[in-house]
Structures are given as structure tokens and as C-alpha cells.
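What follows draws every value from the coordinates through simple rules; no lab data is involved. Just so we're clear, the structure is a prediction, and the values are computed from it rather than from any experiment. Here the Cβ positions follow ideal geometry from the backbone for every residue, glycine too, while neighbour counts run over all protein chains shown.
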Amino acid sequence: MAGVDEAGRGPLAGPVLAAAVILPPGGFIPGVDDSKRLSPAVRERLAEEIRRRAVACAIGAASAREVDRLNILRATHLAMWRAVCRLPIRPDHVIVDGLPVPLLGEAQTAVVEGDRRVHSVACASILAKVTRDRLMRRLAARYPAYGWDRNAGYGTAEHRDALARLGPTPHHRRSFAPVQLTLEL
């Protein structure tokens, strides 16, 4: 059984990432919770522990261009499907955070607030968030004015100000309203 969750649905820039995690039977990692409820330092520590203790884990992504072409929901589903497909072990069943993901087929259970209620989904939540935050820090080195090392691409005042002054980068989601507004100016 694999737990699946995503990170990065709401930002104005960057990809949406998903993680899939298969834990050993009875596998429990103390401290694991919904990634949004953990500090960055705790998430980093737990991500390493999850990678060490998982039977298998994988990351899938959908780029900002795919978000623009497909819409954020379908891009999120694509990232989840890619994560599951990249697992070195094919799971018999998938537990996904939120609503059903058509691309994952029939062998799935969708659990609203799964990242708070299902341990493997919470583990996936942490891996997806840590991986996406690391990616946004690397992109911040190339585009420092947007503050992605601090805001991970979310629409903070700093990010919106840079967007208004400098316009969008290739990593911005042009289909999102705040980015669209800068294109219309």
C-alpha cells in the first residue's frame, strides 16, 4: 500500500510535486504529521528518516507549464500518477490525500485530510514539501528578487512586488490570476 500526497498547489511559481511512500508493515515513524503542521527543520529531519525506513518512495512533478496547460487539479493528479509510477515496487493499493485521482485507477482510497489521518500519506506529505522547498531554494539562486527561498513561490507581498516590477519568469504559472495581471500591464 502506498500513501500519496502533493505539495505546491497554491503557489504562483514552480511545479506541483507529489510523493508516494510505501512503509513496511506496521511501520511507524514518531513525529510524522501533516507537513503543514511541522517546522522546516523537523520536516527535513523526518524526510531523511522516511527515506531510510520506507520500503519505497518516489517523487513526481508537473511543471508550471503543465499547470497552465492542464489546470492545477489535473496537473496535481499527473504529479501523483508520476510519483506512483516511479515507485520501484508496484503498490496493490494507493491511499491518496483528498479526493479520488482518476489516473490512479480503481485500487485507491481517497481520504479527506489523509495527511493528518493516514501515516503513509503524512510521510508523503513531508517528502513532497521538503523536495519542493529544496527545488524552490535552488530556483531562488537564479531568480533572487522573488524571494523563493523564503516564500517557496507563494504569493507573498515580496513575491508579488517582484512580479509587478520584473514580470514573470519561465517558472511562473501564467494561468494564475496574479501572474496574468502582470502580463496584461
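Annotations
- Selection status of ARG132, in contact with a strand residue (DSSP E or B) (Cβ under 6 Å, 6 or more places away or on another chain) and touching a residue at least 12 places away in the same chain (Cβ under 8 Å): yes
- The range 163-179, residues that are under 18 Å from GLU66 (Cα atoms) and either of a type in the set (A, V, I, L, M) or surrounded by 13 or more Cβ atoms within 10 Å (Cβ to Cβ) (or both): PRO168, THR169, HIS171, HIS172, ARG173, ARG174, SER175, PHE176, ALA177, PRO178, VAL179
- Only one entry in SER125, SER175 is farther than 30 Å from GLU49 by Cβ, touching a residue at least 60 places away in the same chain (Cβ under 8 Å) and small (Gly, Ala, Ser), namely SER175.
- When the range 17-42 is filtered for residues that are surrounded by 22 or more Cβ atoms within 10 Å (Cβ to Cβ) and either within 23 Å of PRO144 (Cβ to Cβ) or out of contact with any helix residue (DSSP H, G or I) (no Cβ under 6 Å at 6 or more places or on another chain) (or both), the ones remaining, listed by number, are LEU17, ILE22.
- One residue stands out among those in the range 163-185 that are of a type in the set (Gly, Ala, Ser) and in a helix (DSSP H, G or I): the one that is farthest from the chain's Cα centre (by Cα), which is ALA164.
- Test result for ARG160, surrounded by fewer than 15 Cβ atoms within 10 Å (Cβ to Cβ) and in a helix (DSSP H, G or I): no
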